[in-house]
Amino acid sequence: MTTPNDSWKSAELRAAEAQVDARFKEAQDLANRLKETPLPPVPPVDFKAIAQQVERAAQERDAPEQLKALKRKVDAGEFTWEDVVSGKAAQDPDVQAMQQENVNKMKQAFQMLQEGMTAEEIMDAQRPRRGGDDADQLDPDIFTEDKW
């Protein structure tokens, strides 16, 4: 980094510049090595299997509203589940709403991780509750025929 008129620079500044130059050269060398490093092939994505999982989730009684909206469109023939998971239907507003909801859940999970929660605690916190807040306190046997 020496220029013809840099006599004004202190020894500390020259040392700092030398460190920057050395780190920059190291970064360039690393970038060149990475360019030459072969990457493993990306495995093909099984969109059909993923689509089947999403379809099953959409059929659940407690499926999120965004997923139910997509199910109505798939049932109407506007697109297929494979279109949804492969990105072919990415311009659809309901697909975008579902994606945004997933992004929001990921952000929430990341925040919970930073707060020290375990993966199991996060999954429990994000699991939909059936029947509202009091559903966990209901006696499941109340729904059997002999209790009517």
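The values are calculated or read from the model by the stated rules, or taken from the named source; none is laboratory data. Keep in mind that what you see is a predicted model, and the values were worked out from it rather than measured. When we count neighbours, we look across all protein chains shown, and the Cβ atoms used for this are built from the backbone with ideal geometry, even at glycine. Accessible surface is based on the protein model in full, side chains and every heavy atom, while ligands, DNA and RNA are left aside. Shrake-Rupley method; radii C 1.70, N 1.55, O 1.52, S 1.80 Å.
Where Rh is the Kirkwood radius over the Cα pairs of segment 9-102, the temperature 20 °C and the viscosity 1.002 mPa s, what D in µm²/s does Stokes-Einstein return?
Translational D for this selection: 123 µm²/s.
What lysines sit close enough to Lys105 to cross-link, taking a C-alpha to C-alpha distance under 20 Å and skipping anything fewer than 8 places away on the same chain?
Of all the lysines, those that pass the test against Lys105 - Cα under 20 Å, at least 8 places apart if same chain - are Lys68.
Per residue, how much accessible surface does segment 31-89 expose to a 1.4 Å probe? Answer in Å², no decimals. Present the calculation step by step, with values, prior to reporting the outcome.
On the way: 4440 Å² over 59 residues.
That works out to 75 Å² for each residue.
So the label point goes 7 Å from the Cα of Ala97 along Cα→C-beta, right? Which residues of segment 49-79 then have their backbone N under 12 Å from it?
Residues 64-73 fall inside that zone.
Please identify the trypsin sites (Lys or Arg not before Pro) of segment 58-91 that satisfy two criteria: DSSP loop assignment and at most 10 other Cβ atoms within 10 Å. Which are they?
Passing both the DSSP loop test and the Cβ count: Arg61.
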